[in-house]
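The values are calculated or read from the model by the stated rules, or taken from the named source; none is laboratory data. Note that the structure is predicted; figures quoted are calculated from it, not measured. With ideal geometry, Cβ positions are generated from the backbone for all residues, glycine too; neighbour counts draw on all protein chains shown. Ligands, DNA and RNA are stripped out before the accessible areas are found, and what is left, the full protein with its side chains, is counted by its heavy atoms. Shrake-Rupley method; radii C 1.70, N 1.55, O 1.52, S 1.80 Å.
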Amino acid sequence: MLAKSFFLRLAATCIFLAGAAVAGAHDGRLRLTVEVEQGIPYYRLDFGDRCVLGKSRLGVALCNERGYVGDLVIASAESASCDETWQPVWGEVAQIRNHYNELLVRFLQPDSSRKLDVRFRLFDDGLGFRYEFPEQPTLHVFEMQEELTEFNLGHDYTAFCMPGDYDTSEFTYTTAPLSRLREEIPRQSAAHKSYEAKSAGDLVVQTPLMLKGANGLYVNIHEAALVDYAALELNVDDERFVLSANLMPDRNGSKGFLQAGCRSPWRTVVVSDDARDILASKLILNLNEPCAYADTSWIRPMKFAGVWWEYFIGIGRSWAYSDYSDAKPGVTDYARITPNGRHGATTDNVKRYIDFAAANGIDAVLVEGWNEGWEDWSAYTKNRHFLFDKAYPDFDVEELQHYAAERGVRIMMHHETAANAADYERQLENAFRFMADHGYNAVKTGYVGRIIPRSEYHGSQWMNNHYIHVVRRAADYGIMVNSHEAVRPTGLCRTYPNWIAQESARGTEFEAMGGNPADHTTILPFTRLMGGPMDYTPGIFQGDLSYYKEGFKHHEQAATTLARQLALYCTMYSPLQMVADLPENYARFDDAFQFIRDVAVDWDDSRYLEAEPGDYITVARRAKGTGNWFIGCTADENGHSSRLRLDFLDPGKIYVATVYADAPDAHYRSNPQAYVIRRGRVTRGSQLAIHAAPGGGYAVSIFEVSDPASLRGVKNLPTKIN
């Protein structure tokens with residue numbers, strides 16, 4: 001029996017409650033319906049005359065006690081609206097509009113007097129909702145069994161997804177209809193030792209999940225503000241096309257311990273009939289709390305180079321100082337151990353990178369392998385693996401501190417924890433104090449391996465709180481955090497803007513370990529990047545690793561052209577961008593490297609010009625505080641032809657554009673380093689025809705010219721580039 005229905009619409013009439021209407025104003029395309037039928041709450045989401053989500057269940061099952069699985073009624077509902085603008089510390093745009101209608105539905109279980117609130121926020125581009133557990137006499141501390149949240153698609157959407165896993169997001173993406181995922185997904189996950197399906201028949205995928213429907217809709221499902229809660233994955237019913245929540249447990253099977261007065265993360269649904277709107281959405285950021293810090297002047301976007309790529313390319317470099325596998329950090333006298341001669345993080349090698357950074361306007365140098373503990377990787381059997389305030393004998397902390405400072409370069413700290421989060425928390429204060437004392441203002445953290453505490457996974461409740469704890473303590477020391485192997489982001493960079501980047505997906509390092517598919521960077525912005533920026537580490541000019549060592553065991557030509565590596569600085573948004581290749585490779589292609597020197601990392605405006613998940617993405621961005629624009633395009637194995645109209649430029653102004661494009665014979669497999677560079681005048685409305693080769697792309701820098709006389713001899717840029 002239908003008890004009550006509530007409708008929330010982004011239109012002139014927005015909320016109906018028992019026949020009484022409340023006026024509002026929005027664009028009118030989205031409508032939310034909330035109802036209870038036979039004691040079970042449901043919601044529905046429509047986009048104009050098209051159903052996005054049919055009747056989808058809500059509810060929460062608890063362990064060892066009665067949960068919110070039925071016998072619920074709607075006790076009351078409250079409506080509100082918000083229309084405000086806020087300024088991110090850094091981002092794709094200088095200002096973000098937060099514009100929604102809210103419906104708070106208070107559910108009651110009459111015979112138990114238990115209360116459950118569900119708060120819905122309907123934006124112009126989607127929906128967010130969360131569960132809230134009020135303080136109440138009949139509910140105190142409790143253990144989650146499972147959310148009963150459903151997303152009833154009702155259609156066989158094409159999914160861009162990766163398999164469910166509790167410990168890693170470092171898979172390639174599967175593109176297939178939901179009805180065929182069962183055939184495709186196990187090819188990756190079955191061989192992955194950490195895959196934890198509840199039974200052989202389960203089909204589980206990770207969020208963010210990107211969907212494309214034959215009905216013309218693009219739908220993205222994820223979560224926002226993951227705090228004190230287990231991360232969300234999705235069960236797939238590939239017959240009814242219904243997705244349902246699958247919270248990540250700990251190794252004991254618990255999906256979270258909570259205390260009344262708490263709330264879940266927001267479940268997010270971004271929807272549009274234009275793929276560009278998905279990429280431009282700020283819904284997830286808007287659902288996070290405002291910045292937690294009064295002073296953010298110490299948080300600065302930057303580019304960095306580093307002692308990193310040389311470890312992957314088969315030239316014999318080592319993170320470890322020696323081959324002495326029984327070495328014990330803090331106990332062994334490393335000065336008495338014979339060095340292996342392959343150590344990468346030496347004082348002289350780091351100076352080489354500092355000189356390169358200083359000469360090219362690069363802000364910082366990352367150094368991996370500088371500290372005691374890299375001699376073996378039996379991490380899960382140890383209670384201590386690394387020390388974060390003890391350097392190897394050939395890494396002179398003080399000398400490098402002064403050397404970098406004299407050249408205006410920072411050194412970026414590296415804290416690989418080997419997934420021993422418990423020991424990292426014990427060392428955290430000493431580690432951050434050591435950084436502050438030696439001029440480090442940013443750290444790359446790593447969680448490779450199985451988590452300690454040994455009862456946890458990378459996405460379980462305790463670990464999600466650990467990541468936030470590290471970021472908050474780092475802020476006390478004025479330190480920015482770039483976390484790798486952590487849970488995928490959920491917009492918490494708004495609240496903690498010193499969480500300046502994350503990896504949490506398959507990045508460039510895999511180009512040296514079997515490679516990434518050509519369509520990988522055309523999917524990531526629709527999936528992993530929906531929750532926050534990624535440290536993808538672009539800029540690899542030498543993708544054929546046989547250049548270094550013939551027959552290198554991981555050799556496979558990287559699925560990219562050189563021109564696309566430039567484009568990634570725009571298409572793979574991050575305020576922290578690595579200049580990842582070796583300095584000598586940039587010297588070989590110095591004219592192309594100019595784009596990396598020039599490109600910004602913080603933006604006042606971003607315009608998604610073209611987008612189709614799995615095929616291509618083209619974006620234009622205006623550098624913070626300037627009139628200069630940068631464009632990037634990344635394409636899949638089929639390539640892509642663009643016809644761009646530069647309508648985003650200011651009228652009446654003159655610009656000089658430099659186009660870095662694939663050469664006509666470029667191909668990501670056979671001729672990846674073939675590129676052309678064209679330079680000339682452009683104005684608002686100029687048109688450019690540019691072709692991205694298979695697995696390729698292009699990049700464009702557009703600089704505002706204040707003195708027209710300086711353009712003497714500079715011709716208009718040709719319409720056709722390659």
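Apply the Kirkwood formula to the range 401-442: the hydrodynamic radius equals the inverse of the mean of 1/r over all pairs of different alpha-carbon atoms; give it in Å with one decimal. Show your work: numbers first, answer last.
Values: mean 1/r = 0.0877 Å⁻¹.
Averaging 1/r across every pair of different Cα atoms and inverting gives 11.4 Å.
How many Å³ per residue does the convex hull of the Cα positions in the range 652-701 occupy? Mind showing how you got there, number by number?
Values: hull volume 3.1 nm³, N = 50.
Measuring per residue, one finds 63 Å³ for the Cα hull of the range 652-701.
Within the chain, the ratio Rg/Rh, alpha carbon atoms throughout and Rh by Kirkwood, equals 0.97.
Shape summary of the range 506-660, radius of gyration then Dmax from alpha carbon positions: 15.9, 56 Å.
Past 25 Å, Cα to Cα, is the threshold; run Lys351/Lys390; Lys212/Lys444; Lys328/Lys549; Lys115/Lys255; Lys382/Lys444 against it and keep the listed order.
Values: Lys351/Lys390 19 Å; Lys212/Lys444 35 Å; Lys328/Lys549 33 Å; Lys115/Lys255 21 Å; Lys382/Lys444 22 Å.
Correct reply: Lys212/Lys444; Lys328/Lys549.
Distances over 23 Å make up what percent of all Cα-Cα pairs in the range 32-136? Mind showing how you got there, number by number?
Values: 2109 of 5460 pairs.
Taking all Cα-Cα pairs of the range 32-136, the fraction more than 23 Å apart is 39 percent.
For the pair Glu425 and Ile315, the difference between a 0.36 nm per residue extended length and the Cα-Cα distance amounts to 36.2 nm. Is the range 334-459 rounded, prolate or oblate when judged by the Cα gyration tensor, a ≥ b ≥ c being the square roots of its eigenvalues, rounded requiring a/c under 1.5 and prolate requiring a/b larger than b/c? Note, shape of the range 334-459 comes out prolate. Ligands, DNA and RNA aside, Ile221 has an accessible area near 0 Å² when probed at 1.4 Å. Rounded to the nearest 0.05, what FRET efficiency do Arg97 and Glu399 give with R0 = 41 Å and r taken as the Cβ-Cβ distance? Could you check? Approximately 0.25, to the nearest 0.05. Seen from Arg494, the other residues with C-beta closer than 11 Å to its C-beta sum to a net charge of 0, counting Lys and Arg as +1 and Asp and Glu as -1. Among beta bridges from DSSP that stay inside the chain, the antiparallel ones total about 85%. Legend: residues Ser504, Ser455, sorted from most to least accessible area (1.4 Å probe; ligands, DNA and RNA excluded), read Ser455, Ser504.
Give me the net charge of Asn465's neighbourhood, meaning all other residues with Cβ under 11 Å from the Cβ of Asn465; Lys, Arg count +1, Asp, Glu -1. Kindly include the intermediate steps, with their values, before the conclusion.
Details: positive: Arg472; negative: Asp228, Glu425, Glu456.
Net of charged neighbours comes to -2.
Quick one: plug the Kirkwood hydrodynamic radius of the range 319-381 (C-alpha pairs) into Stokes-Einstein at 10 °C, 1.306 mPa s, and report D in µm²/s.
Values: Rh = 13.2 Å.
In µm²/s, the coefficient is 120.
Please give the calculated 222 nm ellipticity per residue for the chain, where each DSSP H segment of at least 4 residues contributes -39500 (n - 2.57) and the sum is spread over every residue; nearest 500 deg cm²/dmol? Please report the intermediate quantities before stating the final value.
Working: 12 runs with 103 residues, N = 722.
Rounded to the nearest 500, it is -4000 deg cm²/dmol.
Applying 1/(1 + (r/R0)^6) with R0 = 25 Å to the Cβ-Cβ distance of Ala709 and Lys653 gives a FRET efficiency near 0.95.
Assuming a ≥ b ≥ c are the square roots of the Cα gyration tensor eigenvalues, decide whether the range 575-631 counts as rounded (a/c under 1.5), prolate (otherwise, with a/b larger than b/c) or oblate. Please list the in-between numbers first.
Numbers: a/c = 2.31, a/b = 1.41, b/c = 1.63.
Note, shape of the range 575-631 comes out oblate.
Taken along its principal axes, the alpha carbon cloud of the range 402-541 reaches lengths of 44, 44, 29 Å, longest axis first. Considering only C-alpha atoms, what is the centroid distance from the range 617-691 to the range 365-400, in Å? Between the Cα centres of the range 617-691 and the range 365-400 lies a distance of 42 Å. A crude spin-label estimate for the pair Glu183 and Glu135, with each label 7 Å from Cα along the Cβ direction, gives 5.6 nm. At the residue level, Glu637 shows approximately 80 square angstrom of accessible surface with a 1.4 angstrom probe and all protein chains present. Rolling a 1.4 Å probe across all protein chains gives Lys55 an accessible area of roughly 80 Å².
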